[in-house]
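Scroll down for the structure; my scribbles are underneath it.
Quick note: the coordinates plus some simple rules give every number you see, no bench work behind them. Computed from a predicted structure; not experimentally measured. Cβ atoms come from the backbone with ideal geometry, glycine included; neighbour counts cover every protein chain shown.
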Amino acid sequence: MALPVLAQAQTVAPVREGDRTLGSPTAPVTLTVYLSATCSHCADWHTNEFPAFRAKYVDSGQVRVAFRDLPTPPAQLAAAGAVMARCVPEDNYDAALDALFKGQQAIRDAGGARPAAVAWLRSAGEAGGLTLEQMNACMSDAAGFAEIEARAGQSVADGINSTPSFLINGEKVDVEAMGARDVAAFEPLIQPLLAGR
């Protein structure tokens with residue numbers, strides 16, 4: 001039975017090869033999050049709402065989170081941020097993502113100027129434990145950018161066209177109907193799935 005704020009659409013694979021994930025692979029619920037390194041709403045959710053969600057559901061083994069990149073304007077900068085975050089070891093992905101989101105305002109204030117962009121990307125690489133040499137290799141890897149482009153194309157084909165967007169066990173969450181994106185807003189969607197395991 002579909003929940004009221006789940007959009008009526010095709011079911012999408014909750015986790016795909018190449019997704020960065022947090023939480024137990026055997027969790028009964030998967031939250032798939034589509035985000036962009038340059039999306040201010042994504043930064044707000046990741047910085048202000050996700051920590052409580054993670055503490056309640058992910059750290060307890062109830063929910064696994066899969067992150068998918070969908071670069072938004074400025075798309076080249078967002079793609080570069082996604083590539084850098086994906087270059088770090090998977091265990092450090094969340095730290096790299098956090099650095100990108102925390103550095104958004106500085107890059108906006110600089111108008112996306114190259115020195116600010118380089119510092120922003122470097123902060124993510126450093127947070128993820130990369131050396132300068134590894135960061136340079138990462139940003140020079142055309143295959144990494146091609147992968148982000150292909151994954152973004154798949155997201156659009158899945159009916160995802162904005163960030164942040166969410167799926168719960170492969171069903172799209174109607175963010176407009178849900179309103180808030182805090183842990184309390186997700187509870188009515190997740191609790192019935194946990195109760196039915």
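Among V65, V175, V33, the residue with the largest mean-square fluctuation in a Gaussian network model of the chain, with springs joining Cα atoms closer than 10 Å, is V175. Of all beta bridges that DSSP places with both ends in segment 20-195, some 55 percent have antiparallel geometry.
Think of it this way: in the chain, no Cys stands alone, since each has another Cys Cβ under 4.7 Å.
Evaluate the charge dipole of segment 20-195 about its Cα centre and quote only its size in Debye, nearest 20, assuming +1 on the Cβ of each Lys and Arg and -1 on the Cβ of each Asp and Glu.
Details: 13 positive and 20 negative charges, 25 e Å.
Computed about the Cα centre, the dipole is about 120 debye.
For segment 106-197, the convex hull drawn through the C-alpha positions has a volume of 180 cubic angstrom per residue. Averaged over residues, the count of other Cβ atoms within 10 Å places the peptides 102-115, 81-94 in the sequence 81-94, 102-115, highest first.
Under the simplified labelling scheme, the V156-A180 pair shows an inter-label distance of 3.5 nm, with each label point 7 Å from Cα along Cα→Cβ.
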